[in-house]
Structures are given as C-alpha cells and as structure tokens.
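The values are calculated or read from the model by the stated rules, or taken from the named source; none is laboratory data. All values reported here derive from a predicted model rather than from experimental measurement. Because the Cβ atoms are built from the backbone with ideal geometry, glycine has one as well, and the counts that use them run over all protein chains shown. Ligands, DNA and RNA are excluded from the accessible area calculation, which covers all protein heavy atoms including side chains. Shrake-Rupley method; radii C 1.70, N 1.55, O 1.52, S 1.80 Å.
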Amino acid sequence: MERIIQQTDYDALSSKICALQFNYLPPNKGTLSESIDDTLQCLYSDIKSLHFEYYKTLKEKSRNVYGKINKLMRNPFPVMNYGTYLRTLAIDVSLIKYIENFPKDQPFQIVNLGSGSDLRFIQYLKMYGGRIKRFVDLDFKDAIILKQSILKDSTNLDQSIRSFEGKYVILQGDLKDVEGTLQQLKQYLDPKLPTVFITECVLCYMTENDSKQLISTIMDTFATGFWISYDPIGGADVNDKFGTIMKRNLMDSRNLEMPTLLIYNSKLNYPQRWENEKSQIDIKDMWNFLSEAISDTEKRRLRSLQFLDEIEELKIMQSHYVILNTAWD
Ligand SMILES: C[S@@+](CC[C@H](N)C(=O)[O-])C[C@H]1O[C@@H](n2cnc3c(N)ncnc32)[C@H](O)[C@@H]1O
C-alpha cells in the first residue's frame, strides 16, 4: 500500500506541470482583490522554470516515472487544470496571509508533511529566506530518494538549495509512525517558534486514528502553529455519490484506499481531526474559493485557456475539495 500511496505524488506533479504548461499557473496580476496580490506575483515569478527544470531532470533520472507522468499528461481535462490551479493558489494564499501577519522580524518554520515532489520550499525560501528558520519536507523513503537525486543533479535547483545555507531539510519517514516523525522534526525545528504545517492531499490516505494522533501530537509539541490542509471530501448528503464513486474508482483502478473520504465527508466533519479548545478553524471548498476569492478578470482568463463545456461538473468536483486553516497558540 505504501508504494501505491507514494505513487500518488506522480499525479500531483503531473497535474502541476500540466497546469503550468496550459498557463493556468501562474495566476495573473489582479487575481485577488486583496493586498497580498503583489506578494503572490513575486512568489510565482519563477514557478514555471523551477518545475520544468525538475521535470527535465526527472526524465534523465527515472524514465519509468517520467513515462508515467507523461502518460497522465496526455489527456489534460480542463476541470483537472482548474483543480490544480485552485489548490495551489488556495494553499499559498493561506500561507502568505499567515506569514504577513507577523512582525517583519519574526522568524518562523514551515513543514510540508507528505511533500512529495512539491517545490514550494524554493519559492518560499527565496522570498522569505531571511525570516524562515527552517523549511522541512517529509515523505516516504522512496519519494525522498528520488526527489533528492533530482535536486542534486539539476545545477540550477542545487545552486538554489546551496544558497539557502542549510535552512532546507528533507526527511524520510512514515507519518503513521508519529513518535518517529516527531523525533525527526524536533532535531531540526524549534518548538517555540511559530510553525506552519502543510498537508496537501495527504491525510486522505491515512486512517482516522493515525491522522488524529499525528495532529494532536504536533499541536501539543509546537507552542504556536498554523495548519493548512487540503483534501477531497466524499459528501454528506444521502444523494451525493461523489465519495462512493471516487473510492470505488481508486480501488478498482489502483487498489488505492482513502480511508476517511466518507468519514470526514463535509465541511462540517472534515475539521473534526483538529477539534480541540486551542484552535479556531476556517474551512472552505474550492468552489467557494473560485467564486469568492478570484477576480472576474482572472476567471475570464481561465475560461480562455481551454474549452470547458461543463461548468456544473466543475462545480460538483470543486465542491468536494476543501482547504482548512487553523491557528493555535
Ligand atoms: C497526492 S501526493 C501529494 C504530494 C504533495 N503534497 C502535493 O500536493 O504536491 C500524496 C503524498 O503524501 C505522501 N504520504 C502519504 N501518506 C504518507 C505517510 N504515511 N508518510 C509519509 N508520506 C506520506 C505520499 O508519499 C505522497 O507523496
């Protein structure tokens, strides 16, 4: 099962490369009405070159994985590209808003749990390097070995990492082993500093108990923190078949299990993993995010990229993906 779960990283990477190739990402200036729009532009200034460089090096490293990703990219559905655009943007908006609230001299740490091939660490360390004490990526051993070797073999990416002077740490581990994960994190992180934890499409592969234990242990250990989590939800309405169909399709096509898709199935139920008196929770689905946060000009730009005949399909799909933000201290 570990190998099957780990391979979902190739879906995430191929979706991102595809959204970049079709110009969904980066978002245009004026995407958000909020003041962080300029910061976003800066964050995304070299997102394309970073990812294309990673992808190019991946080709030389592992023909097998490159082939898998290429195959996934051959049939790019607009709804998928929208999904990647919204997911990427929603996470960055949450992260930037949290960071921008701090005084300018406040150091902080970021941890990407189940980071896979995600390259946010480069974007954030370039932009906030002076203030980030550590940026940690953690994933299963095989995912990390491949990522490390790609980063090392790409001259540009390797040079970036060297310029971060030890602030970037990449760890192999299994999040189900909560004690082991915590011991590793404590080696590199200061539990007294504000720390952001990101789980992007990761908790959905963990059982209810494992993910709850991971969250409560981290929240008990780090004095001040912010959790950003993104996942699909199965739907709570009796007539809503999204979760049942998704679960069945994943099992039939890949033998892949999403143990909590039908448990944390709604905006009401998804936050239950975090619920304790210390934290306040904000949750929205990606359809809310598209409708409310994205400017009309940007929506027009998105519509011009590919022909999308089924707005209703997009709405159903994006209503079943949520982003949760919770801060504690
Ligand atoms: C769908 S991918 C998402 C990757 C990345 N977060 C992103 O969104 O681009 C899920 C990732 O979670 C990792 N993952 C899932 N369960 C894990 C666990 N128990 N321990 C470590 N990594 C895990 C997988 O290996 C995979 O890289």
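Observations on the model:
- Ligands, DNA and RNA aside, Thr207 has an accessible area near 60 Å² when probed at 1.4 Å.
- The solvent-accessible area of Lys152, taken with every protein chain present and a 1.4 Å probe, is close to 140 Å².
- Residues of type lysines that Lys192 reaches as a straight line, Cα spacing below 26 Å, ignoring anything fewer than 8 places off in the same chain: Lys97, Lys104, Lys126, Lys133, Lys167, Lys176, Lys212, Lys278
- Applying both filters, DSSP loop and at most 16 other Cβ atoms within 10 Å, to the trypsin sites (Lys or Arg not before Pro) of the range 196-258 gives Lys241.
- Neighbours of Asp285, meaning other residues whose beta-carbon lies under 14 angstrom from its beta-carbon, give a summed charge of -1 when Lys and Arg score +1 and Asp and Glu score -1.
- Extending 7 Å from Cα along the Cβ direction at Lys133 and again at Asp329 yields two label points whose distance is 1.4 nm.
- The chymotrypsin sites (Phe, Trp or Tyr not before Pro) of the range 225-328 meeting both criteria, a DSSP state outside H, G, I, E and B (loop) and at most 16 other C-beta atoms within 10 angstrom of the site's C-beta, are Phe307.
- Charge dipole of the range 116-262 (Cα centre as origin; +1 on each Lys and Arg Cβ, -1 on each Asp and Glu Cβ, all else neutral): 540 debye, rounded to the nearest 20.
- Put simply, the amide H of Phe140, placed in the peptide plane, has neighbours under 5 Å in Gly173, leaving out anything fewer than 5 places away on its chain.
- Measuring nothing but protein heavy atoms, the accessible surface of the chain at 1.4 Å probe radius is 49 percent carbon and sulfur.
- Förster radius 45 Å - calculated FRET efficiency between Lys241 and Ser163, Cβ distance, rounded to 0.05: 0.35
- Projection of the Cα convex hull of the range 2-328, averaged over all directions and equal to a quarter of that hull's surface, yields 15.7 nm².
- Projecting the Cα positions of Gly116, Thr297, Phe242 onto the charge dipole of the chain (unit charges on Cβ atoms of Lys, Arg, Asp and Glu, taken about the Cα centre) puts Gly116 furthest along the positive direction.
- Given charges at beta-carbon only (K, R positive; D, E negative), |dipole| of the chain in Debye: 920 debye
- Taking the Cα atoms of the range 136-283, the ratio Rg/Rh between the radius of gyration and the Kirkwood radius comes to 1.01.
- With the simple model of a label 7 Å out from the Cα in the direction of the Cβ, Phe102 to Asp11 spans 3.3 nm.
- Inter-part distance where the range 111-154 and the range 39-65 are each reduced to a Cα centre, Å: 12 Å
- The alpha carbon centroids of the range 271-325 and the range 223-267 are separated by 15 Å.
- With Rh defined as the Kirkwood radius, the inverse of the mean 1/r over Cα pairs, the Rg/Rh of the range 67-141 is 1.06.
- Residues in the range 186-216 that a label on Met251 would reach, taking backbone N under 14 Å of a point 7 Å out along Cα→Cβ: none
- Summarising the strand pairing of the chain, around 45 percent of its internal DSSP beta bridges are antiparallel.
- Here the gap between Gln148 and Arg300, fully extended at 0.36 nm per residue and compared with their Cα-Cα distance, gives a gain of 50.9 nm.
- Amide hydrogen neighbours beyond the local backbone of Ile294, cut-off 5 Å, H modeled: none
- Point-to-point label distance, Lys48-Leu308, nm (Cα→Cβ direction, 7 Å offset): 2.0 nm
- 222 nm mean residue ellipticity, helices alone, for the chain (DSSP H n ≥ 4; -39,500 (n - 2.57); rounded to 500): -16000 deg cm²/dmol
- Relative contact order %, the chain, counting alpha carbon pairs below 8 Å whose residues are six or more apart: 20 percent
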